[in-house]
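Heads up, the thing below is written out as structure tokens.
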Amino acid sequence: MIVNYSSRSKCDKRLSLAGPCMNKSTTAIIVTALLALMSLPSLALSTVLTSDTTWSGEVLVDQDILVPAGVTLTIAPGAVIRLSAAESTKTDPEYLSPLTEITVRGALIAAGSKDLPVTFLPAGDKRSSWAGIIIDGGRADLRFAVVSDAENGATVMSGSLSLSDSLLTRNRYGLTVQGGGAAVRVTATTVTDNEYGVVLLNGATIESRKTIVQKNRKKDIHTASSKGHAPAEKGYKASSEKKNKSLTYGDEALLGTVVWQGRIEVNGIVRVPVNSRLIIVPGTVVEFRKKDTNHDNIGENGILIQGVIIAKGTPEDPIILRSAEKQRSMGDWDSINIMNSDQAQNLLEFVQIEDAYRGLHFHFSRVTVSEAVIRNNYRGVQFQESVVDIRGTHFYRNKSAFQARDSEILFSGNLIHNNYTGMNVFRNSISLHDNTVRDSLQEGVRVREGLAQVERNLIDGNRYGLLVQDALYGTFSANVISHNLESGISLRGTDNIEISGNAVQQNGLNGMNIQDAGALIRGNLITDNRERGIGVQSFHGAITENNILRNGLYNLGIDGAADVSARSNWWGGGDVRKTLYDKENDPAKGRIDYLPKREGPVLFAWPLRSIRSDTSWQGDIAIKETVTVDPGAHLVILPGTRVLFAKGTGLVVRGRISARGEAEKVIAFASLAGTDAGEWDEILIDHAPGSVFAHAAFEYATWALHSHFTDLKVEGCSFRNNSGGLRFTSGPIEIRHSRFTENDIAIRAFRGKALIRENSITRNRVGIFVREKGGGLTIKKNNLFANTEYNVRMGDFNDEDVDARENWWGDLAPGTKIYDARSEPGIGTVRYEPFAKKPFPTESR
């Protein structure tokens, strides 16, 4: 038996609200199907299975299959499932891949046998031409099954998979498991001849017995986890939560100007015709009843705007659009559809849209979305042929956050996190700046064709970071692309694009993947990626003036036969050849032209004002705006690094900082331009426990280090020519083996607890200033001498004594340069006896 699952028309029930969608093509398909039914035992026309279904014999699938919750797809022994590549650009939000897929939210039982296995394979010979089997909250039981030539043989996002006596082969990925919410048991199964055998992401595990994972081309097992600090899920609370319904609407048109306020219930399709306006006032709650006439578990009620919609909430009185069901679920209602509304600006501000099929969906329209929350939808926003401005909006827990094509887009200051896919933009003119895209289960940002300007974004913790395909122009600059579980940046089929000023760090496989692409790759910091800094299959262009170092296997590796130009880069010193993979390693590969090479680092301007995930700095880092290390993030500064601050800038640490230099590779914190005290501001360590500075030099600051309520260790550092060296509140702090010289004030304590031991504090105006509550200080075995005014100065409000015994005070009597109760009765006393007769060795050992 051959069953043909043919393409479903994109003009489905959710798009029929503008008119009937039956046409000659649709009629022809139905007639053909009816004729086929006369000769075939069974045939299904929809790709969403609405009842329990059994496949047997040979099944040809050329469009996606969705097994929804409550439905079971059973595949009989010996069945052969052939999947064709999708021929159109897919837009349906309920599906998860641009390739043909079988997605399981109900149950899939493929009950093969040893003599009659169930086989899944492409209709043609091309590898990775279909997506694979995706378990998305459902259950799959595959026994004696063969899955081959897919992008992912089997992917488990959530739900369960039992795989026994089976073979996963010739796929790009054999088995992929995402997160700790997936239950996977694999027994007596072979995973071989895939690019990657088993991929375990974000803490995923499998229960495995008698399973063979071997001879996969790139890696048998790959594990990776996002290391970022999860952002808070912003949400608005309805101010009209307890109000009774004001009005209920069914299938009807709103003429003229209509105002909604209070609680509104929609149980149909509400249409706002041309020349009409719908105004939704602050505090309104709009709830949609679920209507599902074809039993695919996706609601049909919604709003169709052909005129204008103005939904302008406030932070105190937001507008909420959500399901009216007691148990609200993704896809309970259709969408806010805006069609052909380009004569006036549609506005949605301080709104929350949830539980929809598509939260916002518009064509040929002008739309602004500001300070919104778009969550728990199959797709957050989708549009084409429109002019769109989206800013300050949070997208999370959607299957797909954002998809757009053929439009003009300004997308700024948004947070996209914890979606299955982040952004997918096709043939747009888009300015994408100052956004965060993180923790997507698939790609963070996919840009295909069009003209893109992508600047100052954080793309972090996604499976794939930034994918750029078939783009002939565009700039991708000053982004941080880090901790993505596989690749940071992927270029495919591009030309005339510029990749510049990006930090590409700590990605799970490669920092950059390049295939059949042309680009100028210049001025980037590409470090600490697990396998390769840059992996090249084929490339024309230049890789120049970058810092490429400390990557796991190779800084740059070639997989193709063409040569690659990579001149004038800094490779981190040492034997550069050992960090490259090319013709010298494999005669079939091209050659890397890396000479001349830089002997020192390229000055790299840190691109973002906040560090939200673990980050490392090496080389010369320029700070042109004050940078904040957010709570939960860890900044590591490696030996020999120079951090150079523009005037008035600094570093604020609210996570953790580890700056551990070496005696011969000191870390320098200095000015980007001038050499006077006060050229830059300070490094503020604020509630940042576990922070460390060792073998670091601080010059030309207002206050080099300023610590608040932090367990801080300072070891072997130097503070010179600053307005102030180190000041602190609370603690505890340890300052050891450090040198303070030529500062106005070397150390200032305010209500602090500190051990100050074996330091040299000399030639400052004031050595140690105790402003208030100095009883928690222990100052011991320091060389504390020759400061011009005071070696120790007690503040006017300090009423506690200070323990400063066993220090060397120079050739003068210790009390000569101490200002305490002996000079001003009522303030504390410096207890300096006994004192040393000769200087201590204070160098760090």
### region 569-588, residues that are open to solvent by less than 30 Å² (accessible area, probe 1.4 Å) and touching a Ser or Thr at 6+ places or on another chain (Cβ under 9 Å)
ASN569, TRP571
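Yes/no per residue for (1) surrounded by fewer than 18 Cβ atoms within 10 Å (Cβ to Cβ); (2) in contact with a Pro (Cβ under 8 Å, 6 or more places away or on another chain); (3) farther than 28 Å from HIS737 by Cβ:
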{"site": "ASP630", "(1), (2), (3)": "yes, no, yes"}
{"site": "VAL636", "(1), (2), (3)": "yes, no, no"}
{"site": "VAL652", "(1), (2), (3)": "no, no, no"}
{"site": "GLY655", "(1), (2), (3)": "no, yes, no"}
{"site": "SER658", "(1), (2), (3)": "yes, no, no"}
{"site": "GLU664", "(1), (2), (3)": "yes, no, no"}
{"site": "ILE667", "(1), (2), (3)": "no, yes, no"}
{"site": "GLY678", "(1), (2), (3)": "no, no, no"}
## Note on the structure
If we ask which residues in region 96-113 are part of a loop (DSSP other than H, G, I, E, B) and in contact with a Ser or Thr (Cβ under 9 Å, 6 or more places away or on another chain), their number turns out to be 6
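Kindly check whether there is at least one residue in region 520-528 that is open to solvent by 10 Å² or more (accessible area, probe 1.4 Å) and within 24 Å of ALA588 (Cβ to Cβ).
No: zero hits.
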#### Entry: Yes/no for THR702 being of a type in the set (Val, Ile, Thr) and open to solvent by less than 10 Å² (accessible area, probe 1.4 Å)
no
#### Entry: Single residue of PHE383, PHE364, PHE411 found to be among the aromatic types (Phe, Trp, Tyr), modelled with pLDDT of 95 or more and surrounded by fewer than 21 Cβ atoms within 10 Å (Cβ to Cβ)
PHE364
### Query
Can you pull out the residues in region 310-330 that are under 18 Å from GLU265 (Cβ atoms) and either in contact (Cβ under 8 Å) with a residue 40 or more places away in the chain or out of contact with any Gly (no Cβ under 6 Å at 6 or more places or on another chain) (or both)?
ALA311, ILE320, LEU321, ARG322, SER323, ALA324, GLU325, LYS326, GLN327, ARG328, SER329
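For region 395-431, how many residues are acidic (Asp, Glu) and assigned to a strand (DSSP E or B)?
The first filter runs over region 395-431 and keeps only residues acidic (Asp, Glu), leaving 406, 408.
Retained after the next criterion (residues that are assigned to a strand (DSSP E or B)): 408.
Counting residues in region 395-431 that are acidic (Asp, Glu) and assigned to a strand (DSSP E or B) gives 1.
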### Query
Pick from region 367-380 the residues that are buried (at least 24 other Cβ atoms within 10 Å of the Cβ) and of a type in the set (Val, Ile, Thr): which of them is nearest to the chain's Cα centre (by Cα)?
ILE374
### Within region 321-373, considering residues that are of a type in the set (Asp, Glu) and in a loop (DSSP other than H, G, I, E, B), the one farthest from ARG277 (Cα to Cα)
GLU325
### Task
Please go through region 540-556 and pick out each residue that is surrounded by fewer than 24 Cβ atoms within 10 Å (Cβ to Cβ) and part of a strand (DSSP E or B).
HIS540, GLY541, ALA542, THR544, LEU549, TYR554
### First in region 246-258 and over 13 Å from LEU304 (Cβ atoms), second anywhere and surrounded by 14 or more Cβ atoms within 10 Å (Cβ to Cβ) and among the β-branched types (Val, Ile, Thr), Cβ under 8 Å, 6 or more apart
SER246/ILE264; LEU247/ILE264; THR248/ILE264; THR248/VAL266; THR257/ILE279; VAL258/VAL272; VAL258/ILE279
### Summary
Within region 66-91, residues being crowded, with 21+ Cβ neighbours inside 10 Å and assigned to a loop (DSSP other than H, G, I, E, B) number 2
### Summary
From the option list ALA668, ALA659, single residue qualifying as closer than 14 Å to VAL692 by Cα, in contact with a strand residue (DSSP E or B) (Cβ under 9 Å, 6 or more places away or on another chain) and of a type outside the set (Lys, Arg) is ALA659
### Query
Only one of (1) surrounded by 21 or more Cβ atoms within 10 Å (Cβ to Cβ); (2) hydrophobic (A, V, I, L, M, F, W, C); (3) in contact with a Ser or Thr (Cβ under 9 Å, 6 or more places away or on another chain) is not met by PHE750, so which one is it?
(1)
### Task
Would you point out the residue of region 811-839, among those that are modelled with pLDDT under 95 and within 14 Å of THR762 (Cβ to Cβ), that is least open to solvent (accessible area, probe 1.4 Å)?
LEU812
### Message
Suppose we filter region 654-666 for residues that are of a type in the set (Val, Ile, Thr) and either more than 14 Å from LEU705 (Cα to Cα) or in a loop (DSSP other than H, G, I, E, B) (or both); how many remain?
### Response
1
### Query
With (1) at pLDDT 95 or above; (2) touching a strand residue (DSSP E or B) at 6+ places or on another chain (Cβ under 7 Å); (3) not aromatic (Phe, Trp, Tyr) as the list, and ASP796 as the residue in question, which single condition is left unmet?
(1)
### Residues (surrounded by 22 or more Cβ atoms within 10 Å (Cβ to Cβ) and either farther than 23 Å from GLU843 by Cα or free of Cβ contacts under 8 Å to residues at least 12 places away in the same chain (or both)) located in region 707-721
SER707, THR710
### Task
Specify the residue that is nearest to the chain's Cα centre (by Cα); the eligible residues are those in region 119-145 that are assigned to a strand (DSSP E or B) and on the phi > 0 side of the Ramachandran plot.
GLY137
## Note on the structure
Selection from region 724-753 of residues outside any strand (DSSP E or B) and in contact with a Gly (Cβ under 7 Å, 6 or more places away or on another chain) yields HIS737, SER738, ASN743, ASP744
### Task
Return only the number of the condition from (1) touching a Phe, Trp or Tyr at 6+ places or on another chain (Cβ under 8 Å); (2) open to solvent by 10 Å² or more (accessible area, probe 1.4 Å) that GLN453 does not satisfy.
(1)
### Task
Sort out which residues of region 303-316 are surrounded by 21 or more Cβ atoms within 10 Å (Cβ to Cβ), under 32 Å from the mean Cα position of the chain (by Cα) and in a strand (DSSP E or B), and write them in order of number.
ALA311
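Within region 172-195, can you find the residues that are over 21 Å from TYR420 (Cα atoms) and either of a type outside the set (Gly, Ala, Ser) or touching a helix residue (DSSP H, G or I) at 6+ places or on another chain (Cβ under 9 Å) (or both)? Give the steps one after another, and end with the answer.
First, the residues of region 172-195 that are over 21 Å from TYR420 (Cα atoms): 185-195.
Matches in region 172-195: ARG185, VAL186, THR187, THR189, THR190, VAL191, THR192, ASP193, ASN194, GLU195.
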### Task
Report, by residue number, each residue of region 285-301 that is in contact with a Leu (Cβ under 9 Å, 6 or more places away or on another chain) and either in a strand (DSSP E or B) or among the hydroxyl-bearing types (Ser, Thr, Tyr) (or both).
VAL285, VAL286, GLU287, PHE288
### Query
Considering only region 781-800, how many residues are surrounded by fewer than 18 Cβ atoms within 10 Å (Cβ to Cβ) and either in contact with a Pro (Cβ under 6 Å, 6 or more places away or on another chain) or closer than 26 Å to PRO825 by Cβ (or both)?
6
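Yes or no, residue by residue, for (1) hydrophobic (A, V, I, L, M, F, W, C); (2) at pLDDT 95 or above; (3) more than 30 Å from GLU531 (Cα to Cα); (4) out of contact with any strand residue (DSSP E or B) (no Cβ under 9 Å at 6 or more places or on another chain):
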{"residue": "ALA204", "(1), (2), (3), (4)": "yes, no, no, no"}
{"residue": "GLN214", "(1), (2), (3), (4)": "no, yes, no, no"}
{"residue": "ARG217", "(1), (2), (3), (4)": "no, no, no, no"}
{"residue": "GLU233", "(1), (2), (3), (4)": "no, no, yes, no"}
{"residue": "SER239", "(1), (2), (3), (4)": "no, no, yes, no"}
{"residue": "TRP260", "(1), (2), (3), (4)": "yes, yes, yes, no"}
{"residue": "ILE264", "(1), (2), (3), (4)": "yes, yes, yes, no"}
{"residue": "ILE269", "(1), (2), (3), (4)": "yes, yes, yes, no"}
{"residue": "PRO273", "(1), (2), (3), (4)": "no, yes, yes, no"}
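The values are calculated or read from the model by the stated rules, or taken from the named source; none is laboratory data. What you see is a predicted model, and the numbers here were worked out from it, not measured in a lab. So basically every Cβ, Gly included, is an ideal-geometry build from the backbone, and we count neighbours across all protein chains shown. When the accessible area is computed, the model is the full protein with side chains, heavy atoms only, and any ligands, DNA or RNA have been set aside. Shrake-Rupley method; radii C 1.70, N 1.55, O 1.52, S 1.80 Å.
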